[in-house]
Amino acid sequence: MDEIGKQAVEASIRNMQPVLDDLHRELAGQSVDVVKPRLASEWAKAGGKITDPDLTQWATAISEGRHITLE
């Protein structure tokens, strides 16, 4: 990956990690049916795209109280 690509990925992580952190704090322990639409909505508001299977996997992780860290 070239330097511009690396910078774009790093910027995306800086933008999207707070979304995941906030959702984890707010929705950990809630059902996947509650987490999944909120995750999709908040992710889109932040300018990202998330589709299945990632959406379901991440919603499940948040539901189970696991923290997601983007790398």
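Tabulated results
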read-out: Subset of the range 35-71 (residues that are touching a residue at least 24 places away in the same chain (Cβ under 8 Å) and among the hydrophobic types (A, V, I, L, M, F, W, C)); value: Val35, Trp43, Ala46, Trp58, Ala59, Ile62, Ile68, Leu70
read-out: Pair list, Cβ under 9 Å, 6 or more apart: the range 9-28 residue touching a residue at least 40 places away in the same chain (Cβ under 8 Å) and surrounded by 14 or more Cβ atoms within 10 Å (Cβ to Cβ), other residue among the β-branched types (Val, Ile, Thr) and assigned to a helix (DSSP H, G or I); value: Leu20/Ile62; His24/Ile62
read-out: Matching option when the condition is of a type outside the set (Phe, Trp, Tyr) and farther than 15 Å from Leu55 by Cα, among Asp22, Asp33; value: Asp22
read-out: Residue list for the range 24-71, filter: over 21 Å from Ala8 (Cα atoms) and in a loop (DSSP other than H, G, I, E, B); value: Ala28, Gly29, Gln30, Ser31, Asp52, Pro53, Glu64, Gly65, Arg66, His67
read-out: Boolean, Glu64 is of a type in the set (Asp, Glu), exposed (fewer than 12 other Cβ atoms within 10 Å of the Cβ) and either modelled with pLDDT of 95 or more or in contact with a helix residue (DSSP H, G or I) (Cβ under 9 Å, 6 or more places away or on another chain) (or both); value: yes
read-out: Among residues of the range 35-49, those that are buried (at least 17 other Cβ atoms within 10 Å of the Cβ) and either farther than 10 Å from Val19 by Cβ or among the small types (Gly, Ala, Ser) (or both), counted; value: 3
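The values are calculated or read from the model by the stated rules, or taken from the named source; none is laboratory data. Please read all numbers here as calculations on a predicted model, not as lab measurements. As a convention, Cβ positions derive from the backbone with ideal geometry for all residues, glycine included, and neighbour counts pool all protein chains shown.
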